[in-house]
Amino acid sequence: MSFNILYGGTHLGQPLEQTAAVIRLARADIVVVCEQGGNAEPLADWLGFTCHIVAAQPHRQSVAVLSRYPILETFASGVRLELDSQQSVCVFGVHLTSFPYQPYRVRDKAYTKKEEILDEAKETREQELVAVLSEIRPLIEAGERVLLCGDFNEPSHLDWTLASAREGRHFGLEMAWPCSKQVTESGMEDAYRAVFPDVCRYPGYTWT
């Protein structure tokens, strides 16, 4: 489960237990929490989960991995979790830069060519994603199970396709968004699109 809890999950005055209740309702075994704001460990305590802070305060977009499974190993951007005595999974969390947010430029028609939008998206987030993928690639090559979760702050190229553009979605544009392309080119698969490959029947919003 990817869950941006917005400024620590208590920004609007709601108790943290409310966020814990949502996770329980989802019956999530593993949660990558974005904007944990110092509340990841208390949240894990409420759930009875393990917790590893990937990006800590004062980092504005702090990230944590919470899980009902034991942590075997930690990485700069994630953890290895013990599923059972024979199996493990590596889970990585990201919260990529949110501004400038290119779909707003598309919406507002504040561009001349769509390549401008894609170049700006690449410049905004590429290096952050490259750092995480540099950890992930060797694990994939070694045959490890790897999950990458979080808030990418960018749409997926698997959603903004020619077929869906022809149906009038996303302003009628096909866009090869760079972050999701980098991830799939690294050998990973979009979990939503693996289950629901028909982008017209199941539009989805798999980017956040």
Subject >> For residue 133: the one exception among (1) surrounded by 15 or more Cβ atoms within 10 Å (Cβ to Cβ); (2) assigned to a helix (DSSP H, G or I); (3) modelled with pLDDT under 90 >> reply: (3)
Original post:
Scanning for something over 30 Å from residue 30 (Cα atoms), in a loop (DSSP other than H, G, I, E, B) and not assigned by TED's automatic domain parsing to the domain that holds residue 52, does segment 191-206 turn up at least one residue?
Top reply: no
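Would you point out the residue of segment 5-46, among those that are in a strand (DSSP E or B) and either touching a helix residue (DSSP H, G or I) at 6+ places or on another chain (Cβ under 7 Å) or acidic (Asp, Glu) (or both), that is surrounded by the most Cβ atoms within 10 Å (Cβ to Cβ)? Before the answer, list the steps.
Step one: filter segment 5-46 for residues in a strand (DSSP E or B), giving 30-34.
Those left that are additionally either touching a helix residue (DSSP H, G or I) at 6+ places or on another chain (Cβ under 7 Å) or acidic (Asp, Glu) (or both): 31, 33.
On the way: 31: 27, 33: 32.
Among them, the one singled out is 33.
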**OP:** Take residue 57 and decide whether it is modelled with pLDDT under 95 and under 21 Å from residue 151 (Cα atoms).
**Re:** yes
**OP:** Starting from residues that are farther than 13 Å from residue 173 by Cβ and at pLDDT below 90, keep the ones in segment 109-126 and report whichever is surrounded by the most Cβ atoms within 10 Å (Cβ to Cβ).
**Re:** 110
**OP:** Please tell me if residue 120 is within 26 Å of residue 6 (Cα to Cα), in a helix (DSSP H, G or I) and free of Cβ contacts under 8 Å to residues at least 40 places away in the same chain.
**Re:** yes
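The values are calculated or read from the model by the stated rules, or taken from the named source; none is laboratory data. A quick note: this is a predicted structure, and the numbers were derived from the prediction, not measured. Cβ: placed from backbone, ideal geometry, glycine included. Neighbour counts: every protein chain shown.
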